[in-house]
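Worksheet: one structure, shown below.
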Amino acid sequence: METADVIVIGGGIMGMSTALDIAQRSKLKVMLIEKTVCGSQASAANFGNIRFYDWSSDLMPIAIRARRVWEALPALLGTDGEFRQTGSVRVTFQQSQLDELATYMDTARGYDFGFRLLHANEAKAHFPWLHGSTGIMLSPRDGTANPRLVSAAFRVAAARAGVTIAENAEVREAAHANGRFVVETHDGRRFAAEQLLNTAGAWANGISGMFGESMELMVLGPQLGVTEPVRGFVKSMISCFGNFYFRQTERGNLVIGGLGRNYSDTGTSKHSIMPGNMVGIYERLIEVVPSLRGIRLIRTWSGVEGYTPDTIPVIGPSATTPGLFHMFGFNGSGFQLGPGLGEIMSELIRTGASGNSLEAFRIDRPRPSEFDLAIVGSPVAPRHRRVPEGSRLSA
Ligand SMILES: Cc1cc2nc3c(=O)[nH]c(=O)nc-3n(C[C@H](O)[C@H](O)[C@H](O)COP(=O)(O)OP(=O)(O)OC[C@H]3O[C@@H](n4cnc5c(N)ncnc54)[C@H](O)[C@@H]3O)c2cc1C
């Protein structure tokens, strides 16, 4: 049996950033156990959006804390992960959407994010390629990063900081007795520690279920694609009403995404693209930027992401088992929070308290019995499928 002070299950951005922070700030021995290879799931497959727009008041302080880590990434990881504060643009197509943004800006007035509303003519002057918009909101402090680079860099930094990483090791059993956790992987290896963190992403309710606190998740994949490179015309991330978004990489490719989300499979870790949805995304791109007509789409992909019934993540201590912590259910927005949550969860595990309030994210909070299917968001998505409450493992 291998022993550690803290076992982390799941090597996505949540698990890796927490393990790294614990190893850097304490003498605790950290063991990170990953089913396949670290950073192979949502944390590497995502769009890379990092925004200040549209957080709940509970998540906003976490987004702000995460931003400080994003800005310090070169010192932390030895790379900036292509994090760029490019700004983002929220595009409207109806007056009512512009009014909605104006109301939002009123509620966010306490924050120094520099949001600005531009009406159609002004928007056109800034972005001459933009078609059909009634106006835009600029959010100059938003940005993007390259998830593949960031995930790989967290793994390297965690290993360098002394985290022991076990890959191709799927946790099949975990139990708590006499003040310690014993975890067993698919190949019969056993690990023990005083504290256990569940960062198993879309699979996390399998782990929480082992301790009598299953949280039903809907497992969905946002739909993404990338075009051939074209001459640079936009630095900002563009996010349109109707859930369509794109950004241009420094090389010139456009990463595009949105509309509906497809059901992903935690059993096979497979996710798929809905062709009709991807055609819809492509058509939206041409509507908004007609000069791109004829641009070739060269790759499409999706991912495996957990959505909670109330679209609020689970972050904090277990309600059943001392020494157990959960951090999952990020509803399509966890990448940008990951570096900050690593610090927060590390604080909680090392000291028993965190500088950020986590009350809203308790696993035992009251929650709706049904998911709001609006999060699927597509008329072409297949039948509603759910991971049943109490389901233990993916295989
Ligand atoms: C297509 C797509 C686009 C997205 N776009 C954005 C975006 O633009 N901005 C943003 O902020 N967020 C975005 N997200 C969401 C974001 O990627 C996730 O919220 C975030 O990466 C979750 O990180 P994680 O570490 O919790 O999960 P993951 O990265 O999924 O990591 C969980 C890990 O746990 C491992 N695991 C599972 N079960 C076990 C087990 N039993 N034993 C051992 N290991 C196990 C898995 O193999 C996996 O590696 C997107 C997600 C997807 C899929």
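The values are calculated or read from the model by the stated rules, or taken from the named source; none is laboratory data. Please read all numbers here as calculations on a predicted model, not as lab measurements. As a convention, Cβ positions derive from the backbone with ideal geometry for all residues, glycine included, and neighbour counts pool all protein chains shown. Note: accessible area is taken over every heavy atom of the protein model, side chains too, but ligands, DNA and RNA are not part of it. Shrake-Rupley method; radii C 1.70, N 1.55, O 1.52, S 1.80 Å.
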In Å², nearest 10: area of Glu2 left accessible to a 1.4 Å probe: 80
Calculated FRET value between Asn178 and Thr36, using beta carbons and R₀ = 25 Å, to 0.05: 0.20
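Based on DSSP, what percent of beta bridges with both residues in the chain are antiparallel, to the nearest 5?
If I count the DSSP bridges inside the chain, around 70 percent turn out antiparallel.
Gain in length, Lys235 to Asp364, computed as 0.36 nm per residue apart minus the alpha-carbon separation, to one decimal in nm?
Values: separation 129, 0.36 × 129 = 46.44 nm, distance 4.20 nm.
So the chain would gain 42.2 nm between Lys235 and Asp364.
At 222 nm, what value in deg cm²/dmol follows for the chain if DSSP H runs of at least 4 each add -39500 (n - 2.57) and the sum is divided by all its residues, to the nearest 500?
On the way: 10 runs with 106 residues, N = 395.
Dividing the helical sum by the residues of the chain leaves -8000 deg cm²/dmol.
Ratio to report: Rg/Rh of the chain, with Cα atoms as the point set and Rh obtained by the Kirkwood method; give two decimals. It would help to have the intermediate numbers written out before the result.
Numbers: Rg = 21.0 Å, Rh = 21.6 Å.
We get a ratio of 0.97 for the chain.
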Sequence of Thr308, Thr86, Thr268 from largest to smallest accessible area, 1.4 Å probe: Thr268, Thr86, Thr308
Value of relative contact order over the stretch 171-288, rounded to a whole percent, pairs C-alpha under 8 Å and six or more apart: 18
Of all accessible heavy-atom area on the chain, the percent that carbon and sulfur account for (1.4 Å): 51
Positive-end extreme of charge dipole, the stretch 39-152 - chosen from Val91, Ala108, Ala66 (charges on Cβ): Ala66
Surface per residue (accessible, 1.4 Å probe) for the stretch 1-58, Å²: 35
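Mind ranking Asp364, Asp142, Asp265 by accessible surface for me, highest first, 1.4 Å probe? Mind dumping the intermediate values first?
Values: Asp364 80, Asp142 0, Asp265 60 Å².
The most accessible residue leads, giving Asp364, Asp265, Asp142.
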Projected label distance in nm at Ile64 and Ser26, using a 7 Å step from Cα toward the beta-carbon: 2.6
Cross-link partners of Lys270 among lysines (Cα-Cα below 19 Å; sequence separation of 8 or more within a chain): Lys35
Rough spin-label spacing in nm, given labels placed 7 Å along Cα→Cβ, for Arg116 and Arg160: 3.8
Label-to-label distance, nm, for residues given as Ile375 and Asp265 (7 Å Cα→Cβ offset): 2.2
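Sort Lys270, Lys235, Lys27, Lys124 by heavy-atom solvent-accessible area, probe 1.4 angstrom, most to least.
On the way: Lys270 135, Lys235 170, Lys27 200, Lys124 90 Å².
Putting Lys270, Lys235, Lys27, Lys124 in descending order of accessible area: Lys27, Lys235, Lys270, Lys124.
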Solvent-accessible surface (1.4 angstrom probe) belonging to Val182, in square angstrom, nearest 10: 40
In Å², nearest 10: area of Leu348 left accessible to a 1.4 Å probe: 20
For the stretch 150-286: accessible area per residue (Å², 1.4 Å): 37
